[in-house]
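A short write-up of the structure that comes next.
The values are calculated or read from the model by the stated rules, or taken from the named source; none is laboratory data. Since the structure is predicted, the reported quantities are computational estimates derived from the model, not experimental observations. Cβ placement follows ideal geometry from the backbone for every residue including glycine, while neighbour counts extend to all protein chains displayed. The protein model used for the area step is the full one, side chains on, heavy atoms only, and it has no ligands, DNA or RNA in it. Shrake-Rupley method; radii C 1.70, N 1.55, O 1.52, S 1.80 Å.
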Amino acid sequence: MCGIVGFIGQNDARDILLNGLEKLEYRGYDSAGIAVLNDQGLHLSKVKGRIAALRKHVDHSVQSTVGIGHTRWATHGVPSEENAHPHQSASGRFTLVHNGVIENYQELCREYLYDVNLKSKTDTEVIVQLMEKLAEKTQDTVEAFRQTMRLLQGSYAIALIDREDRDNIYAAKNKSPLLVGLGEGFNVVTSDAMATLKVTDQYLEIYDGEIVTVSRNFVEVQQLNGTLVDRKPFTAQIDWADTEKGTYPHFMLKEIDEQPLVMRKIIKEYQPENNGLKLEADIQNAIKDADRIYIIAAGTSYHAGLIGKGFLEKMANIPTEVHIASEFSYHMPLLSERPLFIFISQSGETADSRAVLVKIKEMGYPALTITNVPGSTLSREADFTLNLYAGPEIAVASTKAYTAQIAVLAILAVDTAKAKGMELDFAPMQELAIAANAMEVLTDQKNTMEELAKDYLSASRNAFFIGRGTDYHVCLEGALKLKEISYIQAEGFAGGELKHGTIALIEEDTPVIALATQEKVNYAIRGNVQEVVARGANDLIISMQGLERDTDAFVIPAVHEFLTPLVSVVPLQLLSYYAALHRGCDVDKPRNLAKSVTVE
Ligand code: M6R
């Protein structure tokens with residue numbers, strides 16, 4: 001949510017900032033801006049809209065070797081030029097970009113800034129105005145920056161420049177990701193290594209409560225109390241090519257197509273010959289000894305968690321609950337005696353999940369994070385991490401991360417069952433390999449899915465997805481995918497539940513997409529389809545080989561009954577993609593959304 005890039009070096013900052021922001025645009029794209037410094041002063045460009053608009057707006061004749069930039073997903077204040085970052089202090093001396101939310105900004109305003117005329121409606125502007133007040137008092141930029149950070153409550157990743165100092169960028173972090181990228185004669189500040197991979201793969205992680213002075217040739221990290229921090233850089237393990245669309249029209253389509261490859265990568269990485277999950281003894285014991293597992297996640301990751309619950313209960317015999325992260329923090333259920341928490345998050349940065357992680361760590365419970373970004377906040381703060389190996393997922397709609405989450409949860413459940421001495425008639429690696437082949441068969445049938453999307457979804461206002469058991473959980477995901485990118489009001493329902501109220505919404509031609517991949521409910525779900533067809537619904541049945549009937553619209557290859565979600569979700573992803581495409585929607589960057597939700 002929002003993206004930050006800062007550069008200080010020998011070359012022109014502007015291109016590095018704009019290219020970096022383009023890479024971060026999927027994190028927030030309602031407004032953007034850059035500020036660069038040179039001997040003529042500070043040059044600020046801001047626009048409402050995308051980086052492409054900013055690129056046009058920027059004065060390309062201005063040369064500078066230091067600057068900061070931002071792409072925004074609005075929290076406080078509407079998307080507009082005045083609310084776009086960078087924000088400036090009253091005199092224009094300080095200029096700042098910020099990710100996160102300052103919770104006490106109104107109090108700070110009342111106490112310290114009653115005489116300042118704020119130009120924006122953002123919480124961010126308060127930080128830069130405070131900075132100016134404190135700099136006037138202390139006559140010391142670092143000290144003023146430190147004092148400003150001490151006053152803030154909430155989450156922040158900040159980069160600040162001073163018109164009177166072209167040799168430093170000042171940065172700070174609390175609860176929002178921030179990295180310093182290291183180069184020869186230059187350094188960068190970014191909220192995500194992806195933005196600056198083209199210039200460096202060496203990064204210094206910044207921790208909560210630290211402030212950093214970034215110059216051309218050195219980086220100084222210190223805690224808020226002034227203690228200097230000595231930290232080794234790490235190499236970012238992201239392949240630059242993975243962050244490009246290549247010949248695909250959209251990242252989402254590329255990422256749907258990558259799913260078989262991701263399955264094979266997971267099989268390779270987690271093969272027993274490769275030491276399997278490589279779980280350390282203490283977390284292995286925590287899983288084995290847990291009397292209940294609590295899965296915490298949001299959105300698509302929550303839907304993967306619902307499938308994971310089935311694995312952990314059926315394979316490893318551990319009672320498992322799945323909770324929406326934003327609810328769990330405020331309505332914690334009665335916990336069991338020996339709980340284990342599993343956090344599922346593609347980005348590893350979701351603030352709702354992190355709030356739960358912080359709470360349960362304070363309570364002394366063990367936590368395992370399953371994420372696509374090892375080194376992310378949820379990964380660092382949990383006791384153990386399992387990597388999804390899905391490669392960067394750029395489209396806002398999650399696809400390959402979802403199937404990767406399911407695959408890793410299946411392997412985890414099998415591993416846990418084994419550790420508990422249970423015998424299982426399920427060979428995960430072989431079955432995952434079969435599922436990967438089946439996914440490939442499906443990604444080759446794009447034309448069929450495009451036709452179905454046109455027939456069923458090009459003009460509809462709403463759509464229902466129905467299924468039973470595991471199919472129901474996949475329907476929730478199918479509906480989320482469709483609504484988030486095509487803006488069709490879509491709901492996933494347990495097949496038997498529709499007639500308890502929601503069936504009232506079925507009208508002539510309402511699309512009802514039904515999944516029939518589970519033998520034991522095949523008869524029942526088809527009965528539910530008949531109930532809606534009798535009320536005018538336009539049914540589209542997706543069944544699995546062996547369970548199909550003549551009237552089914554689409555048949556998916558047979559896979560092990562545990563792994564049907566990996567395969568049944570693919571046609572739903574493609575249906576959503578083509579529905580959105582034909583309705584003229586921005587597939588990769590749907591309205592109002594951002595890829596990584598770092599505010600609660
Ligand atoms: O990064 P996370 O997996 O924690 O993100 C959770 C949700 O915000 C995310 O899955 C969201 O629902 C997706 N945009 C859905 O496609």
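Structure summary
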{"read-out": "Qualifying position, being over 19 Å from the mean Cα position of the chain (by Cα) and loosely packed, with under 13 Cβ neighbours inside 10 Å, among Q271, Q237", "value": "Q271"}
{"read-out": "Every pair of residues 6+ apart whose Cβ atoms lie under 6 Å, when the first sits in the range 336-349 and is in the same structural domain as S301 (by TED's automatic domain parsing) and touching a residue at least 24 places away in the same chain (Cβ under 8 Å) while the second is part of a strand (DSSP E or B) and within 7 Å of the ligand (Cβ to nearest atom)", "value": "I344/A297"}
{"read-out": "Within the range 283-313, tally of residues that are more than 14 Å from the ligand (Cβ to nearest atom) and among the hydroxyl-bearing types (S, T, Y)", "value": "1"}
{"read-out": "Residue in the range 314-328 that is within 30 Å of A435 (Cα to Cα), within 12 Å of the ligand (Cβ to nearest atom) and open to solvent by less than 40 Å² (accessible area, probe 1.4 Å) present", "value": "yes"}
{"read-out": "Verdict on T227 being polar (S, T, N, Q) and surrounded by fewer than 20 Cβ atoms within 10 Å (Cβ to Cβ)", "value": "yes"}
{"read-out": "Count of residues meeting criterion [within 20 Å of D165 (Cβ to Cβ) and open to solvent by 50 Å² or more (accessible area, probe 1.4 Å)] in the range 56-83", "value": "1"}
{"read-out": "Top-ranked residue of the range 478-535 - restricted to ones that are assigned to a loop (DSSP other than H, G, I, E, B), more than 11 Å from F464 (Cα to Cα) and among the small types (G, A, S), ranked as farthest from the ligand (Cβ to nearest atom)", "value": "A534"}
{"read-out": "Positions within the range 84-98 being within 18 Å of S155 (Cβ to Cβ) and either open to solvent by 10 Å² or more (accessible area, probe 1.4 Å) or in a loop (DSSP other than H, G, I, E, B) (or both), in sequence order", "value": "H85"}
{"read-out": "The range 389-410, residues that are more than 14 Å from the ligand (Cβ to nearest atom) and open to solvent by 10 Å² or more (accessible area, probe 1.4 Å)", "value": "Y389, G391"}
{"read-out": "For G364: the one exception among (1) surrounded by fewer than 24 Cβ atoms within 10 Å (Cβ to Cβ); (2) within 25 Å of D208 (Cα to Cα); (3) touching a residue at least 12 places away in the same chain (Cβ under 8 Å)", "value": "(3)"}
{"read-out": "The one condition in (1) surrounded by fewer than 22 Cβ atoms within 10 Å (Cβ to Cβ); (2) over 24 Å from A413 (Cα atoms) that S543 fails to fulfil", "value": "(1)"}
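This table checks each residue for (1) farther than 17 Å from V559 by Cα; (2) not polar (S, T, N, Q).
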residue	(1), (2)
V373	yes, yes
T377	yes, no
A382	yes, yes
A390	yes, yes
V396	yes, yes
A401	yes, yes
A407	no, yes
A410	no, yes
M422	yes, yes
